[in-house]
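The structure under discussion appears below in the form of structure tokens.
The values are calculated or read from the model by the stated rules, or taken from the named source; none is laboratory data. What you see is a predicted model, and the numbers here were worked out from it, not measured in a lab. Every residue, glycine among them, receives a Cβ derived from its backbone with ideal geometry; neighbour counts consider all protein chains shown. Just so you know, the surface numbers come from the protein's heavy atoms only, side chains and all, with ligands and any DNA or RNA stripped out. Shrake-Rupley method; radii C 1.70, N 1.55, O 1.52, S 1.80 Å.
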Amino acid sequence: MAKRKPKKFKDASSVVGAKARQNGMTQPGKYDMFAIAAVALVVAVCVVPLTAEISTSGFPHHKHIVLRMDEAVLTVNNELDTEVVVSWMSEHCYQCLYQQLGVVPEGSRPGQPTSVNFVVSTQHEITLQLNSTPVNLELCTVPFHFGEHGNYSLWVKNLNDSSVVNCSLVTHADPVNSYIPILVAFLIFAGLAVVFAIGKTILGLDAVKAALFRIGSSMETERLINSELGSPGRTVTLTDNILPPPPNPSKRLRSLDTFRGISLVIMVFVNYGGGRYWFFRHESWNGLTVADLVFPWFVFIMGTSIALSINSLLRAGSTRCSLLRKIVWRSLQLFVIGVFIINPNYCQGPLSWDNLRIPGVLQRLAWSYLVVACLDLLVARGHVDILTTDTWWSPGLDILLYWPAWLCVLLLEIMWLCLTFLLPVPDCPTGYLGPGGIGDMGLYANCTGGAAGFLDRWLLGENHIYQTPSSRVIYATRVPFDPEGVLGSINSILMTFLGLQAGKIILHYRDLHRSIMSRFLIWGLLLGVISAVLTKCSKDQGFIPVNKNLWSLSYVTTLACFAYVLLVLVYYTVDVKKWWSGAPFYYPGMNSILVYVGHEVFEEYFPFRWRMANNQSHAEHLTQNLVATSCWVFISYLLYRKKIFWKI
């Protein structure tokens, strides 16, 4: 294997640091108790930051080595009479080339090894490869998952004075447990949930109610018990916060706003950093992390709300032409807001069109909303309650009645498949779905995303798409790639339409809870089977792997499967059994556009961010990100109490 120059990475998210270091509140009647206490306790959480300094003075030629998050120190001791080249490859890197970590000179004399220190990543298991330089002969490979801030030594020597090379790894200092802050945060929020569940039960007792009636007025007490704890009897408009409320109020499904709020809260948390844990960041290429779940769920529930909103507005007497104008205008607003959010140059003067990024999250929401809302507007019926249900085809009524929309979506999906697998891409294999870079043994370094990347660069230009995709972290890609690009928008339409189907089920089987939940589960099972076939139940070896960057077909079917199952759980607990009011997620779900735009615009301001005492501590990052997220939940609650909703 030819020598490769050491890679240099700028931040702690790099897989291996390749630089070798040689020798060296108000009254409870006014506000929701859950929201207030959650924010207060999260702000109070201060886990002692993890130290980032390791002393290696107990070993020859070692000095203090300052480590960042997700790093460990590895000392390679070479007793051979030849130089040793140390290379590495991440377990998460599929069919990748080894990358050179550094060179360890030959031993000075027998029993006196030459030692060189390296900083290695602890996020994933890596495989170390040691080669001798004269003939580039592989001496050994060592797979190992290093622990954060651990101290390790790798000894390379001849076994019993023979030509057989032995590589042995020794742990000198145990790593720290970087997951303790997550456990602490989980226990705090779980404890809060238990406390307020008990509080709700106590407040529901007749004796407590009577005591509260004697203390205050009956009206204020009823508001405390019912409104603040989410009484199921509360009725507001059945719509989402994109379409306006119809004139005739109807019972609102709290589960939909709760589902939207769950997606939004997790999205805000991971956008703020997620404590700098790798599983709260987007997967480098194929596969799923927590961060990869939430955006498709938000798109899904938007589709569900479209079905309910358009039906409600048609029942209220709105014309299809007037609704079409509103849909187009709101889509344009979303798109423009999205462009301004991801291009903050407007704070420094006119926008620089030379590097203006065009795709983005709100832009994709705008496009998906426009297409799916227009399709539904063409086929929607204002009075589904008068349709016959005694024919043989009535079980498929929620699909057959809207077959033109289904046909359009299927044609769009065929277009995605044809463009993805048949479009010729210069200097790349047709149908390529890989990350490029060092993936696929470095054969297609500039082919990141295949047809999807090519179309974005051709239609929008390299300077107008995302410049630092997640594939750079592990696959060391060099070309720009946008995860919200043009081709992936087709599959976001499919995701929205699958959410629309959930809305159709609710409309056609209203108040028949068993029928609604059973059909949700059937759709979840069907989509899960499709995902299993497309992926062959593997991460990288399927026909179409699950890939958030590409918004692949299997990614959509897998996340839609999860969405249907989660919607069943939320619907059952919130709207059927009424065990849970949906708090605190219900409140940001009612003001989703405001929360999303606000968290992007004010990300760098206090109290959402502050100067940390130790910015290489998972504990301090997690505390900051949880406080910021909780602040937005509390803000959304205050806006809910004041009946302030931003609708576009």
Original post:
Where does each of 70-80, 632-642 land if you order them by average Cβ count within 10 Å, highest first?
Top reply: 70-80, 632-642
**OP:** Using only alpha carbon pairs under 8 Å that are at least six residues apart, calculate the relative contact order of segment 360-476 and give it in whole percent.
**Re:** 15
Original post:
Ratio of Rg to Rh for segment 592-648, alpha carbon only, Kirkwood?
Top reply: 1.06
Subject >> Approximate spin-label separation Val208-Val195, in nm, with each point projected 7 Å along Cα-to-Cβ >> reply: 1.4
Subject >> Relative contact order for segment 72-150, counting Cα pairs under 8 Å that sit 6 or more residues apart, in percent >> reply: 37
Subject >> Coarse-grained scattering of segment 392-437 at q = 0.29 Å⁻¹, given as base-10 log I(q)/I(0) from a Debye sum over alpha-carbon atoms >> reply: -0.99
Original post:
Among residues other than Ile465 whose Cβ falls under 10 Å from its Cβ, what is the net charge (Lys/Arg +1, Asp/Glu -1)?
Top reply: -2
**OP:** Please sort 86-93, 374-381 by packing, taking for each peptide the average over its residues of neighbouring beta carbons within 10 angstrom, highest first.
**Re:** 86-93, 374-381
Original post:
Just the accessible area per residue of segment 535-591, please: how many Å² with a 1.4 Å probe?
Top reply: 33
Original post:
R0 = 60 Å: FRET efficiency of Lys577 with Cys418, Cβ-based, nearest 0.05?
Top reply: 0.85
Original post:
How high is the FRET efficiency between Arg478 and Gln112 when r is their beta carbon distance and R₀ equals 45 Å, given to the nearest 0.05?
Top reply: 0.60
Subject >> Inter-probe distance in nm under a simple model that places probes 7 Å from Cα toward Cβ, at Phe645 and Ser515 >> reply: 2.7
Subject >> Net lengthening on full extension, Val135/Ala173 (0.36 nm per residue, minus Cα-Cα) >> reply: 10.2 nm
Original post:
Applying 1/(1 + (r/R0)^6) with R0 = 35 Å to the Cβ-Cβ distance of Leu407 and Ser538, what FRET efficiency is obtained, to the nearest 0.05?
Top reply: 0.65
**OP:** Report, to the nearest whole %, how much of the accessible area of segment 353-497 belongs to carbon and sulfur atoms, 1.4 Å probe, protein only.
**Re:** 68
**OP:** Pairs to check: Lys200/Lys647; Lys209/Lys647; Lys200/Lys577; Lys504/Lys539; Lys504/Lys647; Lys578/Lys642. Give those whose C-alpha atoms are more than 26 Å from each other in this structure.
**Re:** Lys200/Lys647; Lys209/Lys647; Lys504/Lys539
**OP:** Using Cα pairs closer than 8 Å and at least 6 residues apart in sequence, work out the relative contact order for segment 272-361, in percent.
**Re:** 12
Subject >> Full-extension gain in nm, Val184 to Phe602, via 0.36 nm per residue minus C-alpha separation >> reply: 147.8 nm
